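S.K.: Please see the structure below; I have some questions.
The values are calculated or read from the model by the stated rules, or taken from the named source; none is laboratory data. Because the structure is a prediction, the values reported are computed rather than measured. Cβ placement follows ideal geometry from the backbone for every residue including glycine, while neighbour counts extend to all protein chains displayed. Surface accessibility is based on the protein's heavy atoms, side chains included, excluding ligands, DNA and RNA. Shrake-Rupley method; radii C 1.70, N 1.55, O 1.52, S 1.80 Å.
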Amino acid sequence: MPVVCSLDAVGGRAQLDRWAALRTLHQGTEPVPNGVRLWFAAAAADAVRAAAVTEAACCAFLRLSAVEDTGRVRLDITSEIPGARPVIDLLAATASGDAPG
């Protein structure tokens, strides 16, 4: 499967803005096999799920899983495709405010 996003430039910018809007509710980041796990305050649940659904639709090479876990929201972004790592790192950095990688 190719590492390709189906969003145009405007849609891509809007999606990155959705991820960036989560920064104030970001509570931590940790590596997981083939990707990253992001933690958010429970108040972010709807916004995290909405961003994950849009991302999964436009970037079929990613696996996104958003679940509520002990009063927080856990978002896993993973892919079996090695070329997906830069995209995973970009999304994690955008949502967390941390430096990529």
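S.K.: Evaluate the range 57-65: report whether one residue or more is closer than 16 Å to residue 6 by Cα and basic (Lys, Arg).
M.R.: yes
S.K.: When the range 13-34 is examined, which residues are found to be open to solvent by less than 50 Å² (accessible area, probe 1.4 Å) and without any contact (Cβ under 8 Å) to a residue 12 or more places away in the chain? Explain how you work it out, then say what you get.
M.R.: To start, the set of residues in the range 13-34 that are open to solvent by less than 50 Å² (accessible area, probe 1.4 Å) comprises 14-16, 19-20, 22, 26, 28, 32.
Once the filter is applied, which keeps residues that are open to solvent by less than 50 Å² (accessible area, probe 1.4 Å) and without any contact (Cβ under 8 Å) to a residue 12 or more places away in the chain, the range 13-34 yields 14, 28.
S.K.: Is there any pair linking a residue in the range 35-60 that is without any contact (Cβ under 8 Å) to a residue 24 or more places away in the chain and assigned to a helix (DSSP H, G or I) to one that is hydroxyl-bearing (Ser, Thr, Tyr) and open to solvent by less than 10 Å² (accessible area, probe 1.4 Å), with Cβ under 8 Å and at least six apart or on different chains, and which?
M.R.: none
S.K.: Hey, another quick one. Can you find, within the range 72-84, the residue that is nearest to residue 62 (Cα to Cα) among those that are open to solvent by 10 Å² or more (accessible area, probe 1.4 Å) and touching a residue at least 12 places away in the same chain (Cβ under 8 Å)? Let's see the steps before the verdict.
M.R.: Within the range 72-84, the subset open to solvent by 10 Å² or more (accessible area, probe 1.4 Å) is 72, 74, 76, 78, 80-83.
Checking which are touching a residue at least 12 places away in the same chain (Cβ under 8 Å) leaves us with 72, 74, 76, 78, 80-81, 83.
Numbers: 72: 22, 74: 16, 76: 10, 78: 6, 80: 8, 81: 8, 83: 11 Å.
Among residues in the range 72-84 that are open to solvent by 10 Å² or more (accessible area, probe 1.4 Å) and touching a residue at least 12 places away in the same chain (Cβ under 8 Å), the one nearest to residue 62 (Cα to Cα) is 78.
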